[in-house]
Structures are given as C-alpha cells and as structure tokens.
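All remarks here apply to the structure that follows.
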Amino acid sequence: MDAPGDGVLVSHGDQGGGYVLYVEDGRPHFAYSEYGVLQESDAGPVPRGPHEIAVSVTAEKGPRRRFSVAVDGVERVERAAPDSVHQLIGMAPFQGISVGVDRRSAVSWPLHQRHVGFRHTEGLRSVTYRPGAAAPDSPAAVAAAPREAAAAFE
C-alpha cells in the first residue's frame, strides 16, 4: 500500500471550532479552528507502507491545550501541530466526530475548497480516542491540593 490514502482520517467540529487530521499528497496534516482562527500544520512526508498516525492532546493550565502529531510513534516536531491553543468549550464544536470524511461545515475551509468532504480513499483501519491526564488545574487537582498539603503535616 502507498502512504496512507489521501483524505480525512478524523474530524470534529466546524469552521467555528474543531480539528481535522487528514492526509494530502502523502503528507499528514492537522488543522485546528480556534473559534474561527484556523491553524494548519504539515507533519511532513510519510514513506510508502502502512502507518499509525496519532494526535496527542496535553491539557495545560487554564483552558489551553497543546497538540502533537506522531507517525509510527515518532513525534513530528517541525510544524506538525499548532502552538498552544484555547480549549473549545461551550457549544463549540457544534458538529460531532466524523471518521473518513469532514461532513457538513468543514473545519478547514481551504481544505474544503480543494476537496469537498475529502472522503478518505484507502487504508484507514480505525480511529481510537483514549483519555489522557487531567489538566493541572482541573477540579479534581484543585480539590486534592488541600488534602495533599494537610497530609504533609501528619
């Protein structure tokens, strides 16, 4: 099989807020719409053959998130993901998760103009979501701080 077939691997949201991971011309791309401000990143060329393309999200302090893109377990650092972005909260994203296509209102309008919907062509086997660590200022972390401080004096 060639590098993963062109098309959307997964999308969540729309132009008002969301993200999309897609392959175009054998290069994985990650786009994030931060309340309408689009950041698109190129993870570089992918050699021929099957690959695992992963996007990881790290919750930072405050309503911020940092993304990274890895191919076969190797993080692609240069321009592979946007800088720290605001977490999408409230009603954004309006649209749910789509696998293998970016339905309805596209996350990346430039991508939509090039390939309406951009249905994935081949080789997509699965998309998996795994929860990660909570943000350092999550309610659970804030609630645990006084208990941890009190335990230090026992």
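Checking the stated criteria, residue 13 turns out to be modelled with pLDDT under 90, part of a strand (DSSP E or B) and within 24 Å of residue 126 (Cα to Cα). Among the residues of the range 59-81, which ones are of a type in the set (Val, Ile, Thr) and at pLDDT 90 or above? Scanning the range 59-81 gives 69, 71, 74. If you check 46, 37, 8 for being at pLDDT below 90 and either hydroxyl-bearing (Ser, Thr, Tyr) or over 9 Å from the mean Cα position of the chain (by Cα) (or both), only one passes: 46. Would you check which residues across the range 24-44 are open to solvent by 20 Å² or more (accessible area, probe 1.4 Å) and of a type in the set (Phe, Trp, Tyr) and list them? Hit for the range 24-44 is 35, nothing else. Taking the range 82-123 as the search range and keeping residues that are modelled with pLDDT of 85 or more and aliphatic (A, V, I, L, M), which one is nearest to residue 28 (Cα to Cα)? Across the range 82-123, the extreme among qualifying residues is 111.
The values are calculated or read from the model by the stated rules, or taken from the named source; none is laboratory data. Given the structure is predicted, the values throughout are model-derived calculations rather than measurements. Side chains are part of the model used for accessible areas, which takes the heavy atoms of the whole protein and leaves out ligands, DNA and RNA. Shrake-Rupley method; radii C 1.70, N 1.55, O 1.52, S 1.80 Å.
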